[in-house]
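Structure first, then comments.
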Amino acid sequence: MQLQKIFFLLVFAVFFSLSADAQCAMCQAVAETSTKTGSTVATGLNGGILYLMVFPYLILSVIGYAMYRHKKSQRAQLGPEE
């Protein structure tokens with residue numbers, strides 16, 4: 001039960017978090033300059049950063065789900081506790 005609460009909290013935090021435009025200093029300078037000239041480089045740069053950020057969360061989610069399934073199968077093999 002506790003594992004389910006933690007899982008849903010993490011899912012909520014990942015999918016319903018506020019958008020953040022965090023970049024390194026060089027990327028920020030390029031983005032600001034391109035925005036002033038009317039280019040869409042800043043939007044693409046932010047999209048790329050978010051795309052790269054998804055994979056660590058995805059990998060951790062898969063590992064967490066595999067651990068959950070493993071523990072669940074171990075409990076099922078032990079039978080009901082008395």
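Just so you know, all these numbers are worked out from the coordinates, no wet-lab data involved. No experiment lies behind these values; they were computed from the predicted model shown. Here Cβ is always computed from backbone atoms with ideal geometry, including for glycine, and neighbour counts include all displayed protein chains.
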TODO: Return one number: the angle in degrees, 0 to 90 and rounded to the nearest 10, between the long axis of the Cα atoms of helix 2-15 and the longest principal axis of the Cα atoms of the chain.
DONE: 20 degrees
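Set the Förster distance to 22 Å, then compute FRET efficiency between LEU10 and ALA66 from the Cβ-Cβ distance, nearest 0.05.
So the FRET efficiency works out to roughly 0.90.
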TODO: Please identify, among MET67, MET53, MET26, the residue showing maximal mean-square fluctuation in a Gaussian network model of the chain using a 10 angstrom Cα cutoff.
DONE: MET26
Open item on the list: Helix-only estimate, please: 222 nm mean residue ellipticity of the chain, summing -39500 (n - 2.57) across DSSP H runs of length 4 or more and dividing by its residues, to the nearest 500.
Closed with: -27000 deg cm²/dmol
TODO: Give, in nm to one decimal, the length gained when the segment between SER39 and PHE55 is fully stretched (0.36 nm per residue of separation minus the Cα-Cα distance).
DONE: 3.0 nm
- [ ] Could you tell me which label, among [x] 1.27; [y] 1.42; [z] 1.03, carries the value of Rg/Rh (Cα atoms, Kirkwood Rh) calculated for this structure?
- [x] [x]
Open item on the list: How much length would be gained if the chain were fully extended between SER73 and GLN28, taking 0.36 nm per residue of separation minus their Cα-Cα distance, in nm to one decimal?
Closed with: 11.4 nm
